[in-house]
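To start, the structure itself, in structure tokens.
The values are calculated or read from the model by the stated rules, or taken from the named source; none is laboratory data. Bear in mind the structure is a predicted one, so any value in this text is a computation, not a measurement. All Cβ positions, even for glycine, are placed from backbone atoms using ideal geometry, and neighbour counts span all protein chains on display. Remember, those area values only see protein heavy atoms, side chains included, never the ligands or the DNA or RNA. Shrake-Rupley method; radii C 1.70, N 1.55, O 1.52, S 1.80 Å.
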Amino acid sequence: MLSKYRHRTACGICGGSGLSLILDLGKMSLANAFLKKEDLNKLEDKFPLKVYFCRFCSSLQLLDIVNPELLFRHYNYLTSASRPLAEHFIKMGKDLADKFVASPNDLVVEIGGNDGVLLAGIKDRSRVLNIEPAENIAEISRKSGVETIPDFFNLKLAEEIVRKYGNAKVVVANNVMAHVENLREAFSGVKKLINSDGVFVFEVHWVGNLIGEGGFDQIYHEHVFYHSLTALKYLVEGLGLKIFDVKLVPIHGQSMRVYVAEGKEVKKSVATLLQREKKMKLNRKETFVKFAKRVSKNKEKLLSLLKDLKKNGKRITGYGAPAKGNTLLNYLGIGTDTLDFLTDTTIFKQGLYSPGMHVPVVGPERLLTDIPDYILLLAWNYTDLILEKERELRNKGVKFIIPVPEVKIV
Ligand code: TMP
Ligand code: ZN
């Protein structure tokens, strides 16, 4: 039988045992395990959600590892449901093709390429291959004309791909390298795949944002690692690869786009970000302890605001049903007493109920006819776009509550 989760004791980056507990968010449902109405009375799986810091390699990570089969075989997250994200990846694909693809015969492989939005944009310029373990999403990717292997990426699969398709010129992995528990094996697989003259480019949420301008709600079981460049460099160099360029991009707050290869000249950007991380003391446990204290203050503040609003008879709904919203709702215990419904553009989520707190998810058109007084913006990473998109609602007097990093009403 499939074991649902296990507790690891060693650091997933350096293998050491110098781990300290930083933040305990309690036992929680899986952030993407939306429920059907008929399952609301069944017992939900809940797993510990605790974040640890490694004093040897400075990485931040979970040690309670949920079986990826449970997390990723059927997935409710569609990249194309968030327009800005889809546009960002389409542009990224084009930029990578301009920079690194020389002939239509070159192979570009994406690990966890979701609905194939990035690869579909460059399939006329190179051979493309998506490795997407979620069977429901792989199907959508295939329909967009992208060859897709519905499986998890690992060393064995990398070897098979090389045998069947040859080496890749570019390997891309966006919002995946935080999700892969066995990072050393994943990087070794990539190394095999790109051989000595390819590049590996990946985007991953930056821990500097998580503990600063971003929100703690980005912590959930799918995200095993909360990466800094400092910790990634330790890992990558240990495997005989080099980070040769990095930049911060405004995705999920702030993410790092990291460029890895075997033998390229290292750009100044790498030392600059490493220096910035040092200044931010991302290599010190105290930094994360302070962050944990802020999280618990933030919880009190948001709860007291919502309580006051309800006391004054206000109607509140949630905007977006992102995975991170479920961390927030579950950690704070916000359910249907507070929120009437969540609106989300993802068709898969509509008609379902949020994991743990069971708030119904409906389509965004609901807000045309059923207008609340306040909207809790769970998809806060798209604040600018959403405030602009919902100008009419705001003109009607509806207020948005931005929950993290500081509670704000706009
Ligand atoms: P993400 O932050 O992980 O990309 O998830 C954002 C969620 O919010 C996703 O389920 C789609 C949803 N969403 C909306 O409902 N409306 C919007 O305008 C945007 C940008 C996202
Ligand atoms: Zn470590």
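Some values worked out for this structure:
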item: Unique residue being in contact (Cβ under 8 Å) with a residue 60 or more places away in the chain, away from ligand 2 (no atom under 16 Å from the Cβ) and in contact with a strand residue (DSSP E or B) (Cβ under 7 Å, 6 or more places away or on another chain) when the list is Leu78, Leu30; result: Leu30
item: Residue list for the stretch 338-393, restricted to those being outside any loop (DSSP other than H, G, I, E, B), within 8 Å of ligand 1 (Cβ to nearest atom) and open to solvent by 20 Å² or more (accessible area, probe 1.4 Å); result: Asn381, Tyr382, Leu385, Lys389
item: Helices (runs of 4 or more DSSP H) completely within the stretch 67-186 that count 1 or more residues being within 16 Å of ligand 1 (Cβ to nearest atom) and under 25 Å from Asp344 (Cα atoms); result: 68-72, 83-100, 117-120, 135-143
item: Residues satisfying the stated conditions in the stretch 163-197, i.e. surrounded by 23 or more Cβ atoms within 10 Å (Cβ to Cβ) and farther than 30 Å from Asp24 by Cα; result: Ala168, Lys169, Val170, Val171, Val172, Gly189, Val190, Leu193, Ile194
item: Total residues in the stretch 293-323, condition surrounded by fewer than 19 Cβ atoms within 10 Å (Cβ to Cβ), among the small types (Gly, Ala, Ser) and part of a helix (DSSP H, G or I); result: 2
item: Residue under evaluation Val404, criteria (1) open to solvent by 90 Å² or more (accessible area, probe 1.4 Å); (2) within 19 Å of the chain's Cα centre (by Cα); (3) not basic (Lys, Arg), criterion not met; result: (1)
item: Near pairs, Cβ below 7 angstrom, 6+ apart or cross-chain, from the stretch 335-364 (more than 16 Å from ligand 2 (Cβ to nearest atom)) to any residue that is in a loop (DSSP other than H, G, I, E, B) and among the basic types (Lys, Arg); result: Asp340/Arg315; Leu352/Lys36
item: Filtered residues of the stretch 44-78 (kept if hydroxyl-bearing (Ser, Thr, Tyr), modelled with pLDDT under 95 and open to solvent by less than 40 Å² (accessible area, probe 1.4 Å)); result: Tyr75
item: Filter result (away from ligand 2 (no atom under 16 Å from the Cβ) and out of contact with any Lys or Arg (no Cβ under 9 Å at 6 or more places or on another chain)) within the stretch 51-68; result: Pro68
item: Residue ID - nearest to ligand 1 (Cβ to nearest atom), chosen from residues in the stretch 294-323 that are among the hydroxyl-bearing types (Ser, Thr, Tyr) and farther than 18 Å from Ile211 by Cα; result: Tyr319
